[in-house]
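Asks: A single structure is presented below for examination.
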Amino acid sequence: MSNESSAPQGNPGDIVNWPMLKIKYRTDPDKIAALLPPGIEPGAEPNVNLTIYNFPVPDEPEYGIVTSVDAVYDGIAGEYTLGYGIDQESAIFISQETNGQPKYPCTTEFYRLGPQVKARCTHQGYTFVEFQGFSRGPSDPGEPFQQNEFWLKYSRAVSVGGPATGFDFPPHVVRVRSEYGTAWREEVDGKLTLRDSPWDPLTTLLPMREQLTSYLWWPTFLDREMTLAGQLDAEKFLPYADTISGSRWPGTNGGPKRD
């Protein structure tokens, strides 16, 4: 068990000391399967993972929310990332182009006052995630661990006067292998609320059946590696290429999905 003497220390107000708010909930297995492109399979559990954070990227605060689902690619268990909603426009396009990281614009409020923890995420005027809770104090940080995240990198074919029918660079899976330790962890008793939004359709495409965990996490960054892990079938992937606002939510010409 951690003790108070090993709590994160640093300059007062330094954003490096901000924790990440980690939330996990269970959804329906078929909902996850419907979002995964051919070649990426559902994980052992139908879990949705939300990470709300404020972290310097590269040297100024980036507020954001990461949405991922448990998934398997090429026999490797990990998380398929649907989106990084962030408030730094300068980091969105270069992240997508270079690494396939699905960043899109989003406004996040996230703060702690004593034991109270609150967060709210808004995109295109729709608040789609809210969280309120209270810290129960420090808990066992556990052992260092490895995490695999799967992004997608591709470039649609140049098209004039009609929809693109292929790719100039076919879809590839980017495997992000990270190793973490835990400097500090606090369990949080709290309530996650998902709200309807056509831009971030969590309530319809990944409805919450059971909230599983929520905690504040101060990570120790041990290692990170990004590699092109393999190519997906371009023809089968094509229907998944229309997405919402740079995220991996299914859309039509970059806008919300329409029935």
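Asks: Can you tell me which of THR227, THR243 is within 19 Å of the chain's Cα centre (by Cα), of a type outside the set (Gly, Ala, Ser) and either more than 25 Å from THR107 (Cα to Cα) or surrounded by fewer than 14 Cβ atoms within 10 Å (Cβ to Cβ) (or both)?
Replies: On the way: THR243 fails: either more than 25 Å from THR107 (Cα to Cα) or surrounded by fewer than 14 Cβ atoms within 10 Å (Cβ to Cβ) (or both).
Exactly one residue qualifies, and that residue is THR227.
Asks: Being acidic (Asp, Glu), over 22 Å from VAL176 (Cα atoms), surrounded by fewer than 19 Cβ atoms within 10 Å (Cβ to Cβ) and in contact with a strand residue (DSSP E or B) (Cβ under 6 Å, 6 or more places away or on another chain) narrows it down to one residue among GLU60, GLU130; which is it? It would help to see each step written out before you state the result.
Replies: Numbers: GLU60 fails: in contact with a strand residue (DSSP E or B) (Cβ under 6 Å, 6 or more places away or on another chain).
The conditions single out GLU130.
Asks: Still on this structure: Yes or no: TYR215 in a strand (DSSP E or B), within 17 Å of the chain's Cα centre (by Cα) and surrounded by fewer than 19 Cβ atoms within 10 Å (Cβ to Cβ)? Break it down stepwise before answering.
Replies: On the way: in a strand (DSSP E or B): yes; within 17 Å of the chain's Cα centre (by Cα): yes; surrounded by fewer than 19 Cβ atoms within 10 Å (Cβ to Cβ): no.
Judged against the criteria, TYR215 is not a match.
Asks: Right, here's the next one. Starting from region 154-179, keep only residues that are under 11 Å from LEU228 (Cβ atoms), then list their pairs with residues that are at pLDDT 95 or above and β-branched (Val, Ile, Thr) whose Cβ atoms are within a distance under 8 Å, requiring at least 6 positions of separation or different chains.
Replies: The qualifying pairs are VAL173/ILE40; VAL174/THR227; ARG175/ILE76; ARG175/THR227.
Asks: Since TRP199 meets every condition but one in (1) closer than 20 Å to LEU35 by Cα; (2) hydrophobic (A, V, I, L, M, F, W, C); (3) part of a strand (DSSP E or B), which condition does it not meet?
Replies: The number of the failed condition is (3).
Asks: With (1) touching a Lys or Arg at 6+ places or on another chain (Cβ under 8 Å); (2) surrounded by 15 or more Cβ atoms within 10 Å (Cβ to Cβ) as the list, and LEU21 as the residue in question, which single condition is left unmet?
Replies: Among (1) touching a Lys or Arg at 6+ places or on another chain (Cβ under 8 Å); (2) surrounded by 15 or more Cβ atoms within 10 Å (Cβ to Cβ), LEU21 violates only (1).
Asks: Does region 164-179 contain any residue that is among the basic types (Lys, Arg), under 30 Å from GLY114 (Cα atoms) and either part of a strand (DSSP E or B) or touching a helix residue (DSSP H, G or I) at 6+ places or on another chain (Cβ under 6 Å) (or both)?
Replies: First, pick out the residues of region 164-179 that are among the basic types (Lys, Arg): 175, 177.
Still in the list and also under 30 Å from GLY114 (Cα atoms): none.
No; the residues of region 164-179 include none that is among the basic types (Lys, Arg), under 30 Å from GLY114 (Cα atoms) and either part of a strand (DSSP E or B) or touching a helix residue (DSSP H, G or I) at 6+ places or on another chain (Cβ under 6 Å) (or both).
Asks: For residues that are farther than 15 Å from LEU152 by Cβ and in contact (Cβ under 8 Å) with a residue 24 or more places away in the chain, scanning just region 77-92, find the one that is surrounded by the most Cβ atoms within 10 Å (Cβ to Cβ).
Replies: Ranking the qualifying residues of region 77-92, first place goes to GLY85.
Asks: Related question: Restricting region 36-57 to residues that are β-branched (Val, Ile, Thr) and over 20 Å from PHE237 (Cβ atoms), which is surrounded by the most Cβ atoms within 10 Å (Cβ to Cβ)? Break it down into steps so the answer makes sense when it comes.
Replies: Within region 36-57, the first condition is being β-branched (Val, Ile, Thr), and the residues that meet it are 40, 48, 51-52, 57.
Imposing the further condition that a residue be over 20 Å from PHE237 (Cβ atoms) reduces the set to 48, 51-52, 57.
Numbers: VAL48: 25, THR51: 17, ILE52: 23, VAL57: 15.
So the residue we want is VAL48.
Asks: Quick check on my filter: what residues within region 116-153 are out of contact with any Asp or Glu (no Cβ under 9 Å at 6 or more places or on another chain) and without any contact (Cβ under 8 Å) to a residue 40 or more places away in the chain?
Replies: GLN116, GLY125, GLU143
Asks: Among strands (runs of 3 or more DSSP E) lying entirely in region 12-114, which contain 1 or more residues that are farther than 19 Å from GLY246 by Cβ?
Replies: Values: elements: 20-26, 40-42, 47-56, 61-73, 76-86, 103-105, 107-113.
Passing ranges, in order: 20-26, 40-42, 47-56, 61-73, 76-86, 107-113.
Asks: Continuing with this model, one more query. Might you check whether a residue that is among the aliphatic types (A, V, I, L, M), in contact with a strand residue (DSSP E or B) (Cβ under 9 Å, 6 or more places away or on another chain), buried (at least 17 other Cβ atoms within 10 Å of the Cβ) and closer than 20 Å to GLN101 by Cβ occurs anywhere in region 175-187?
Replies: We begin by selecting, within region 175-187, every residue among the aliphatic types (A, V, I, L, M); these are 176, 183.
Restricting the remaining residues to those that are in contact with a strand residue (DSSP E or B) (Cβ under 9 Å, 6 or more places away or on another chain) gives 176, 183.
Remaining after also requiring buried (at least 17 other Cβ atoms within 10 Å of the Cβ): 176, 183.
So of that shortlist, the ones also closer than 20 Å to GLN101 by Cβ come out as 176.
Scanning region 175-187, I find at least one residue that is among the aliphatic types (A, V, I, L, M), in contact with a strand residue (DSSP E or B) (Cβ under 9 Å, 6 or more places away or on another chain), buried (at least 17 other Cβ atoms within 10 Å of the Cβ) and closer than 20 Å to GLN101 by Cβ, so the answer is yes.
Asks: Now a separate question. Have a look at ARG120, ARG136 and point out the one that is surrounded by fewer than 17 Cβ atoms within 10 Å (Cβ to Cβ) and among the basic types (Lys, Arg). Talk me through it step by step, then tell me what you get.
Replies: Working: ARG120 fails: surrounded by fewer than 17 Cβ atoms within 10 Å (Cβ to Cβ).
Answer to the check: ARG136.
The values are calculated or read from the model by the stated rules, or taken from the named source; none is laboratory data. Owing to the predicted nature of the structure, the values given are computational and were not obtained by experimental measurement. All Cβ positions, even for glycine, are placed from backbone atoms using ideal geometry, and neighbour counts span all protein chains on display.
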